[in-house]
Amino acid sequence: LRSYLRDESSRLRRLRRFYEKVQALHQDPEASVDNPLLAFSLIKRLHSDWPNVIYSDEATRNTQALHAGLEEVEQELPGTEDLDGAARALMRLQDVYALSVKGLANGVFQRAGHPPLYSPSRRVSLSADDCFHVGKVAYDTGDYYHSIAWLEEAVSLFRLSYGSWNLEDRSSLEDALDHLAFSYFMAGNISHALSLSREFLRYDPSNQRVSRNVAKYEKLLERGTGASGTGRGAMVPHHCCPPPHALLGPLSPQPAPERLLHLGCSYETNGSPYLLLQPAKKEMVQIRPYVALYHDFITDAEAETIKGLAGPWLQRSVVASGEKQQKAEYRISKSAWLKDTADPVVRALDQRIAAITGLDLRPPYAEYLQVVNYGLGGHYEPHFDHATSMKSPLYRMKSGNRIATIMIYLSAVEAGGSTAFIYANFSVPVVKNAALFWWNLRRNGDGDGDTLHAGCPVLAGDKWVANKWIHEHGQEFRRPCSADPQD
């Protein structure tokens, strides 16, 4: 595009110079007749030079070069799936963080009556066409709750700029009104659907389909159907995570005083010679379920090395579904797996994890390091890390269930991205270079229901984590059963 603009600007400069010469020759018609040289120049330009301008193929060559450049990079550009996924990400952020659509369109990340959750250094607004596309993605899936909110904003913005042409627009006020009217009809608000359809006909009175819709809406209202706007019941949003108050507000209920006594920070060696000179910085986050955060678990250089190793191998993350694995909308991320032989940094990380947990990470007692990148609105809905069915693919490793998880934060984020423990009702924000550890299984081998957790959508930033899942076989004498079978 830069080359095209440069070449076209050069062509237009030459065209302007030619125009200025012709204009100068026409400034004094009498002089043109009196001066034979001036007359000759004028006649020549009018006879010979105009065809050079009119029939020049320079503009065509420039356009062809632009098309050729696009073809070279077309495979690397985002596709329809990426664009629709980005639209769904905005709706996910709207839901989970209770953000105003009008605020988002103006570049503001704010809940009503609250300070902004995130204040970007550069504020970016969405156009009417942008809002239309988000609403259209919701509309195409029958999600009229979201389509109404986004198409309303699109209509408002299109009304402000009606009559002006924008290079980026692929839709129009008529498109937005058409889709919004039907969304309201499907939501049960027929009177508003009628009003929007009538507005549409002011701009396109010959549209027979919308005219038939108007007649249909008028008949329904005459019969008393949908006049109150609740004919099909209230539409409710789909939450991919718990409601915002469970993720963003204070802990509720507050921990009992006796439990707070066990929470604190300490330097830990865990009886390991590996940690004698540099103990682990442990913050006890929760007793039940047992969740600990190890600060400064890795260095910036180690984090960059792991991200660099995983980058070329990243693929859309999958989830266990019965005996198979598949992609799912409730997990939006890309991941890659690294063996301990991939790099000395990965091997050192395994040694460090073994030291702080006291567990055996030798194959097949632990899985490879999984590196995950959460992109725009990336999230993972509530789930357990341990298998809840004997048919789970986890048991193919023949090393038992996942006894523990350690999740390392390889990057910081500006907002969002917390790890929320749903039933336990607390969340842990992203702490760069820290590692979050918890037991998935109780000592009797049963799964701990309080470990149900979610990766909340990333509101702003680029979230990278590395997961290490440790299995129960090989840990019999490292984390033995309790004398109490209920423990």
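The values are calculated or read from the model by the stated rules, or taken from the named source; none is laboratory data. Computed from a predicted structure; not experimentally measured. Please note: Cβ atoms are built from the backbone with ideal geometry, for glycine as well, and neighbour counts cover all protein chains shown. Protein only, heavy atoms only, side chains kept; ligands, DNA and RNA dropped before computing areas. Shrake-Rupley method; radii C 1.70, N 1.55, O 1.52, S 1.80 Å.
Check region 181-194 and report whether any residue there is within 37 Å of the chain's Cα centre (by Cα), aromatic (F, W, Y) and within 24 Å of G163 (Cβ to Cβ). Before the answer, list the steps.
Applying the first criterion (within 37 Å of the chain's Cα centre (by Cα)) to region 181-194 yields 181-194.
Filter once more, keeping what is aromatic (F, W, Y): 182, 184-185.
Still in the list and also within 24 Å of G163 (Cβ to Cβ): none.
No; the residues of region 181-194 include none that is within 37 Å of the chain's Cα centre (by Cα), aromatic (F, W, Y) and within 24 Å of G163 (Cβ to Cβ).
Restricting to region 155-165, name every residue that is open to solvent by 30 Å² or more (accessible area, probe 1.4 Å) and outside any loop (DSSP other than H, G, I, E, B).
The answer is S156, L157, R159, L160.
Quick one: which helices (runs of 4 or more DSSP H) sit completely within region 33-119 and have at least 3 residues that are of a type in the set (D, E, K, R) and under 18 Å from the mean Cα position of the chain (by Cα)?
Because the criterion is at least 3 residues that are of a type in the set (D, E, K, R) and under 18 Å from the mean Cα position of the chain (by Cα), the helices (runs of 4 or more DSSP H) in region 33-119 that meet it are 80-96.
Sort through S427, S418 and tell me the only one that's at pLDDT 95 or above, open to solvent by 30 Å² or more (accessible area, probe 1.4 Å) and in contact with a Leu (Cβ under 8 Å, 6 or more places away or on another chain).
S427
Do you know which residues across region 177-197 are in a helix (DSSP H, G or I) and not hydrophobic (A, V, I, L, M, F, W, C)?
D178, H179, S183, Y184, S191, H192, S195, S197
Return the residues of region 83-99 that are more than 14 Å from V134 (Cβ to Cβ) and open to solvent by 30 Å² or more (accessible area, probe 1.4 Å); say none if nothing qualifies.
Of everything in region 83-99, just one residue is more than 14 Å from V134 (Cβ to Cβ) and open to solvent by 30 Å² or more (accessible area, probe 1.4 Å), namely A98.
Please find, within region 166-175, the residue that is nearest to F200 (Cα to Cα) out of those that are touching a helix residue (DSSP H, G or I) at 6+ places or on another chain (Cβ under 9 Å) and open to solvent by 30 Å² or more (accessible area, probe 1.4 Å).
It comes out as E174.
List pairs: first residue in region 62-79 and assigned by the TED database to the domain that holds E8, second residue among the acidic types (D, E) and open to solvent by less than 80 Å² (accessible area, probe 1.4 Å) anywhere in the structure, Cβ distance under 7 angstrom, at least six positions apart or on different chains.
As it stands, the answer is N62/D7; N62/E8, since those pairs meet every condition given.
So is D446 free of Cβ contacts under 8 Å to residues at least 40 places away in the same chain and open to solvent by 40 Å² or more (accessible area, probe 1.4 Å) or not?
For D446, the condition - free of Cβ contacts under 8 Å to residues at least 40 places away in the same chain and open to solvent by 40 Å² or more (accessible area, probe 1.4 Å) - is met.
Based on what the data block shows, is S172 farther than 24 Å from E199 by Cβ and small (G, A, S)?
no
For region 386-400, give me each residue that is touching a strand residue (DSSP E or B) at 6+ places or on another chain (Cβ under 7 Å), open to solvent by 10 Å² or more (accessible area, probe 1.4 Å) and not aliphatic (A, V, I, L, M).
H386, T388, S392, P393
Evaluate the following for R14: is it surrounded by fewer than 10 Cβ atoms within 10 Å (Cβ to Cβ) and modelled with pLDDT of 85 or more?
Judged against the criteria, R14 is not a match.
Would you call R111 charged (D, E, K, R), loosely packed, with under 15 Cβ neighbours inside 10 Å and more than 22 Å from S161 (Cβ to Cβ)?
no
I'd like to know if region 340-357 contains one or more residues that are within 23 Å of T388 (Cα to Cα), at pLDDT 55 or above, of a type outside the set (S, T, N, Q) and in contact with a helix residue (DSSP H, G or I) (Cβ under 9 Å, 6 or more places away or on another chain).
no
Quickly run through region 401-415 and pick out the residues that are surrounded by fewer than 21 Cβ atoms within 10 Å (Cβ to Cβ) and under 23 Å from D450 (Cβ atoms).
Residue satisfying the conditions is T405 alone.
Looking at region 90-109 only, could you name the residues that are of a type in the set (S, T, N, Q) and farther than 14 Å from A460 by Cα?
Passing the criteria: S100, N106.
When you go through Y365, Y380 one by one, which is the residue that is of a type in the set (S, T, Y) and surrounded by fewer than 22 Cβ atoms within 10 Å (Cβ to Cβ)?
Y365
Within region 135-153, identify whether any single residue is in contact with an Asp or Glu (Cβ under 8 Å, 6 or more places away or on another chain) and surrounded by fewer than 23 Cβ atoms within 10 Å (Cβ to Cβ), and answer yes or no.
yes
Just a yes or no: is a residue in region 311-330 surrounded by 11 or more Cβ atoms within 10 Å (Cβ to Cβ), charged (D, E, K, R), modelled with pLDDT under 95 and part of a helix (DSSP H, G or I)?
Scanning region 311-330 turns up no residue that is surrounded by 11 or more Cβ atoms within 10 Å (Cβ to Cβ), charged (D, E, K, R), modelled with pLDDT under 95 and part of a helix (DSSP H, G or I).
Which is assigned by the TED database to the domain that holds N207, among the acidic types (D, E) and part of a loop (DSSP other than H, G, I, E, B), of E152, E174, E168? So that I can check it myself, show each step before the final result.
Values: E152 fails: part of a loop (DSSP other than H, G, I, E, B); E174 fails: part of a loop (DSSP other than H, G, I, E, B).
Exactly one of E152, E174, E168 is assigned by the TED database to the domain that holds N207, among the acidic types (D, E) and part of a loop (DSSP other than H, G, I, E, B), namely E168.
Of all residues in region 60-81, which are among the hydroxyl-bearing types (S, T, Y) and either open to solvent by 60 Å² or more (accessible area, probe 1.4 Å) or more than 25 Å from L12 (Cβ to Cβ) (or both)?
If the condition is that a residue be among the hydroxyl-bearing types (S, T, Y) and either open to solvent by 60 Å² or more (accessible area, probe 1.4 Å) or more than 25 Å from L12 (Cβ to Cβ) (or both), then T60, T80 are the ones that fit.
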